[in-house]
Amino acid sequence: MSTTLLSRPSNESKPAEKKRSKLGFRLSILTCVFLFFAILLRGIATLPLDTSSLTPFQNWLNSVSDWIGNNRTSNPIFTFFINIIRDSINSFVTGIQYVISQPIGNNSAPLIGWFGIVVLLSFVAYAVANIRIAILVASGLVALGLLGFWQESMDTLALTLAAVVLALIVGIPLGICAGLFPRFEKLITPLLDFAQVMPTFVYLTPVTLFFLIGPASATIVTLVYALPPALRITAVALHEVPWSSVEAAISMGSTRMQALRKVQLPQAKRTIVVGINQTIMAALSMVTIAALIDAPGLGKVVIRALESLDIGSSFQAGLGIVILAVVLDRTTTAAASKVDAEMTLAISHKRHRQILIAGGVLSFVAIIFSRIFTWAGNFPGTGFIGSDIAKYTDNATNWFQAHFVNYTDGITNAVSYGLINPLQSILTNSPWFVTGIAFVGLGIIFGGKKLGIISSVCVLGIVGTGLWSDTMATLASTLVAAILTVAIGIIFGVWIGRSKRADRIIRPILDAGQVLPAFVYLVPFLGLFGATRFTAILAAIVYAAPASIKLMADGIAGVPATITEAGIAAGSSKWQMIIKVQLPSARRALALSTNQGIIYVLAMVVVGGLVGAGGLGYLVVAGFAQISLTGKGLAAGLAIVLLGIMLDRITQAIAARSTLQGNK
Amino acid sequence: MLDSQAPMISVRNMWKVFGANPEQIIGNPDADLTRQELRAKTGNTIAVRDVSFDVAPGEVFVVMGLSGSGKSTLVRCMTRLIEPTRGELRFEGEDILQVDEKRLRELRKTRFSMVFQHFGLLPHRKVIDNVAYSLEINGVGKSERHSRANEVIELVGLQGYGQAYPEQLSGGMQQRVGLARALAVDPQVLFLDEPFSALDPLIRRDMQAEVIRLHHQLGKTMVFITHDLAEAVKLGDRIAIMRDGAVVQIGTPEELVAKPADDYVANFVRDFPKSQVLTLRWIARPPAIGEDMNGPILPPTITVNNATRQIVESNLPIRVMENGNLLGVVTSQDVLNVISGSEL
Amino acid sequence: MELKTRRFRRGTALLLAVSAMTFAFPAALPAQAAAKCGTVNLADNAWVGYEADLAVVSYVLKNSLGCKVVVKNLSEEVSWQGFPTGQVDAILENWGHADLATKYITQQKAAVDLGSTGNNGIIGWYVVPWMVAKYPDITNWKNLNKYASLFKTSESGSQGAFLDGDPSYVTNDAAIVKNLKLNYKVIFTGSEAALITSYRAAQAQKKPAIGYFYEPQWFLAEVPLVHIKLPAWTQGCDADPKTVACDYPPYPLNKVASAKFMNSGSPAATVIKNFKWTNADQNSVAKSLAVGKMKDDAAAKIWVTAHPAIVKQWLGN
Ligand SMILES: Nc1ncnc2c1ncn2[C@@H]1O[C@H](COP(=O)(O)OP(=O)(O)OP(=O)(O)O)[C@@H](O)[C@H]1O
Ligand SMILES: [Mg+2]
């Protein structure tokens, strides 16, 4: 991206402009043709399927799952291999639990009591980050105790740590391989997509079939979701290392290993730490779902509170998860920027070392304390502020519901009749081949022949799952949610991107939106908007908008100063500046935030199924709950993955295009 | 001087084709398409096309050409940072394309080093550790490699910056770090890919002087890429001009200016003050009938610039003589033609 | 570089020392009383009625027998999976699940049916009470079409919205609607929470709501949904899921335990086998939990103290 955006020398921008208008032309042709045939042939070949009916493929999936269930105990190789994995993960997790959360033997406190943990973790935070973060960690941890969830929080932390450590042990070396060998990366990418987009509900039951009920299953479920970011970001980190420095190292006679160790990894370190951060966040987002198969910790409290629609308690526990997330996120983020700082600033090592030793001694004393004194072992009291928070939350939601319920119907109806219904009616009534060809066409327009092939494979795959009609219903809601998400992303992203102060205030709220378990806000939403697709869309937006906003804000803030300066110099007003300079320059960020918006919205399809959205999400949930629908749930999960991959690739192609154009 | 010895480096029929199935392009009619046509048709790019030349020990061999003509690719092929698609490459007679990884690393560690167009510094290492990198992987102890690194850092005029990180330096300073790094192992052959493009004119002149010194005092062999004809003429014993991957002409600066092989080369050298490189040999012409043959005598090896004064001051045509043979005559009109560029 | 490694090494040494000392240090914290009856693994399915059973049974096991009770939060199907592996000893309130019963009780012989909990499950169609007051004849299915337009929502198009519930149950609702020619569309609310919230909001705002529900359920104490009469259930009327046009059968709720556990001779097995109480009993404990927001043990204690004779029966003495 360069200043040509402003001063457009005619000879350079003409081809780009021509290309863009050609693209617009093709897109409008495609839309018209699609609408024409969709309406002309409506009702033909829409492939509907009753909720309780099964296709042969789905029956076959059922029998596969049955077969696994019946043979798990009888097949010795199976049991041998899996038992080893299970036992080692189990002892790993319980080991951590005994250190930080569960009483061991005849004691009433774990190996390290709360006081020891607070001091030790604050010290670690200081060592990897700075004193501000250390204070944040200390106060966050104490807050968990005050909420009345010390042990639950530590259980959650133990499980998260176990999953993250395993994800890193597996993910970083594989990520390095992917970074070094493009072919391996190509091979592994669809698997990672699969692991990230496949709804967890789908494999919750099979995992317990293999690994039985217990920490191992919970850890593996979390691992499946947390591993991809670790692997991907490590690969990206290696890609980011300028090839020129690797080449220089090789030209001086380094072996491949030396180049990796001395040149690539040190430079990739910062991004890898960012990957660790993402891994931790991903693991934390699985806390509530893993609780469905008995994962210990805060998730259980949330699920339990949901049974009696106890908004207060579920919020109380959700807050615990948010605090844990903020503490871990800020620590790893600060650690990442410290990696940067260490590179350029010569920190006074000697003083630093003295402080580290002092801190170590202090932690040690605190740990001893926590083993001698009861007050330092078990968090005193039963949570001083927890029940108050629950009570205030209840009051606030009641007030809100009482006052807003008169407007909510209007909103629900406006969005439903105005957006969702028309879109859903077009998509579900159009013949599958018309919509399918439209998708392939989109793929070809944006990504050429290759993307066309990917799209057609996805379309045929979805048809193969037997759930085309449900997929189209889900797609309609997904699109509406994505549109709203992107709109919110642009509005807030521009605002935050332009104002540091807004950024500082809004960001924590965005973080909370991303990690607060959806279960916590589903009940109030249900109260306001009923069991409707709109409620599902709303839940999806709460989860997806933060990512969209952040990407957009980073894009706006990242518009090079030369461009904004030129804009100011040209005398642009604030709005001209936003519309004519900043938004066009952040085109790639816009495309990326759309891409991420859609992926995040898709991640909430299952949650949507829990609040009345129907479609694939409901089928996945039903498959988890009913043995006879397991195969259908699996098929629905598969359809979500295929839809996800297709939408992801198309939006990524759009993003890549806007980069290219931007560079012209 | 050039023909008498066995070459240090010899390149024969070297090709580098980027894209899928590179082998199939060579010898195919497709190879004769223009770059754009080939790219559109097969997606391949011929970056180096059937290049052959020798570099003598102690020679400074300059490669020139427009952007994208394949200079960087050629020099990367010569150090096997890129595997050539086809061809032969010998270094002191050793077939480099056949040696194994280990021997290749040994050669890279000790015999040749490279300065990169885009610096290729290691951003996470201080200047001194950048310069000492190759010594480090050679297993040289820390204090020893640091003292050696400090020497070369001083040599390139960066004393006092050893503890800085590359991004704290200006572009020109970074390029000098690259140069220092290449010099640290005391290599026999230096490959320099536009090493001075990022430097300001003053430092550039100093660095050029440094290269000349290295060349003369230490007898280093160099393959030097540049865009700048003045630099090429100043440093180069011979210059190769590349166009779309192929070498269109190799010769001394004088030969190129005097006898450009085609319009491309002519274009290249057009703006260059020819009088600086052309010797009288090139402008001497057979005497016209009735021309006065009693003018002063000058040798053919003197450049026009250096001879201008005498030629202009003499009323009679100058006779250019070598070993007692008359090569031709030169008048002030001929000199004027050279300087104004209408000649040749 | 060098400096950093050294710092790192020193840090590691320190950490090692800390952990070594920690392990060596004698724990001075008080120990809990040792258990006699051993450990009992009880599945915890996610509804409050079950929670009430669990609260009371665990309370008795812990306080009368000194058992260590491990509660496992699991979905119903996963709970059954725990029988053959020995990870679940008992399910305290099982709703039907003939397929699972066949698999684990009849085929694998990993589980045993321990008989009724004394609670009777009713599954059926319900409507919010304010509507019954206003339209008294709505409780008969034959009049439902008359009111269909009242139930229209953004989700149901031109038909009335019929709320279907928690996906854990195989419902016949879509077939019933179709076979009784009712002008309704089944909307999958997707979870119990969604279902209850819908009814609660409808009652509070006097909006129409009709759908699937079941008892015993604590929510009925808050909003007494009214059961709609469908054509009565007769043996076999629901045999073919495609042609069902009748009400749901009554569900006697039962307890299931793993065969291994029952043969272990644990006194806890006896208690679970004898456990039996009424719908009113369960509702009272469930209400303490859900509405009174009491902890399990506190709620159980109130009921146990009030009903010593029943508990005595369970204990078998
Ligand atoms: N890795 C690569 N893959 C594909 N094509 C390449 C690759 N590297 C270079 N090329 C192509 O080969 C041609 C020669 O590139 P090269 O970098 O050698 O040019 P150059 O003469 O060094 O140009 P400059 O003066 O701009 O440095 C260019 O057309 C370039 O696009
Ligand atoms: Mg180059």
For this session: Take B:Gln217, project a point 7 Å from its Cα along the Cβ direction, then tell me which residues of region B:120-163 have their backbone nitrogen under 13 Å from it.
Result: B:152, B:154-157
For this session: Treating the angle as unsigned and between 0 and 90°, give the value, to the nearest 10°, between the Cα long axis of helix B:304-313 and the longest Cα principal axis of chain B.
Result: 20
Exercise. Between B:Asn28 and B:Thr252, how many nm apart are label points set 7 Å from Cα along the C-beta direction?
Worked result: 4.3
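Give me the extension gain from B:Ser52 to B:Val99: residue separation times 0.36 nm, minus the current Cα-Cα distance, reported in nm with one decimal.
14.9 nm
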Seminar exercise, completed: For peptide A:530-541, the mean count of other chain Cβ atoms within 10 Å per residue Cβ is 4
Seminar exercise, completed: Given Cβ charges of +1 for Lys and Arg and -1 for Asp and Glu, the option among A:Gln354, A:Ile321, A:Thr374 whose Cα lies farthest towards the positive end of the dipole of region A:252-397 is A:Gln354
Exercise. Using the alpha carbon gyration tensor of chain B, what are the three equivalent-ellipsoid semi-axes (square root of 5 times each eigenvalue), largest first, in whole Å?
Worked result: 40, 27, 18
Exercise. If the cut-off is a Cα-Cα distance under 16 Å, which lysines reach C:Lys68, setting aside same-chain residues fewer than 8 apart in sequence?
Worked result: C:Lys36
Exercise. Given a cut-off of under 8 Å on Cα pairs at least six residues apart, what relative contact order in percent is computed for chain A?
Worked result: 21
Problem set entry | Relative contact order (percent, whole number), region C:121-227, Cα cutoff 8 Å, 6+ residue spacing | 43
Exercise. If one computes the Cα centroid of region A:595-664 and of region A:62-111, what distance in Å separates the two points?
Worked result: 31
Problem set entry | Karplus (6.51, -1.76, 1.60) ³J(HN,Hα), θ = phi - 60°, over region C:147-159, in Hz, Gly and Pro reported as x | 9, 3, 5, 4, 8, 5, 9, 4, 8, 10, x, 8, 9
For this session: Please work out the C-alpha center-to-center distance from region A:305-323 to region A:226-285 and express it in whole Å.
Result: 38
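Quick one: if the Förster radius is 22 Å, what FRET efficiency do A:His239 and B:Asn138 give, using the C-beta to C-beta distance and rounding to 0.05?
With a Förster radius of 22 Å, E is 0.15.
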For this session: Could I have the simple spin-label model distance between A:Ile82 and C:Lys312, label points 7 Å from Cα toward Cβ, reported in nm to one decimal?
Result: 4.9
Exercise. Which FRET efficiency, nearest 0.05, do B:Asp292 and B:Ala40 yield, Cβ-Cβ r, R0 56 Å?
Worked result: 0.35
For this session: Distance between Cα centroids, region C:237-255 to region A:442-514: provide it in whole Å.
Result: 42
Problem set entry | Qualifying lysines (Cα of each under 24 Å from Cα of A:Lys580; at least 8 residues distant if same chain) | A:Lys14, A:Lys18, A:Lys19, A:Lys22, A:Lys500, A:Lys550, A:Lys664
Problem set entry | Scattering curve values for region C:121-227, log₁₀ I(q)/I(0), Debye with Cα scatterers, q = 0.17, 0.24 Å⁻¹ | -0.73, -1.63
Exercise. Rounded to the nearest 0.05, what FRET efficiency do A:Phe369 and A:Ser139 have when you use their Cβ-Cβ distance and R0 = 25 Å?
Worked result: 0.85
Problem set entry | Share antiparallel - DSSP beta bridges, chain B, percent rounded to 5 | 55
Exercise. So, in nm, how far is label C:Ser158 from label A:Asn59 when the simple model puts each one 7 Å beyond its Cα toward the Cβ?
Worked result: 3.5
Problem set entry | Cα centre as origin, Lys/Arg/Asp/Glu Cβ charges: chain B dipole, Debye | 780
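Where both residues lie in region C:121-227, what percent of DSSP beta bridges are antiparallel, nearest 5?
If we restrict to bridges inside region C:121-227, about 55 percent are antiparallel.
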For this session: Do me a favour and compute the ellipsoid semi-axes for the protein assembly as shown from its Cα gyration tensor, root of five times each eigenvalue, largest one first, whole Å.
Result: 75, 38, 27
For this session: Mind checking which lysines have their Cα closer than 30 Å to the Cα of C:Lys185? Skip sequence neighbours fewer than 8 apart in that chain.
Result: A:Lys632, C:Lys134, C:Lys142, C:Lys146, C:Lys152, C:Lys206, C:Lys207, C:Lys229, C:Lys242
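Read-outs throughout are calculated quantities, based only on the coordinates presented, and are distinct from any laboratory measurement. Bear in mind the structure is a predicted one, so any value in this text is a computation, not a measurement. We place every Cβ from the backbone using ideal geometry, glycine too, and count neighbours over all the protein chains shown.
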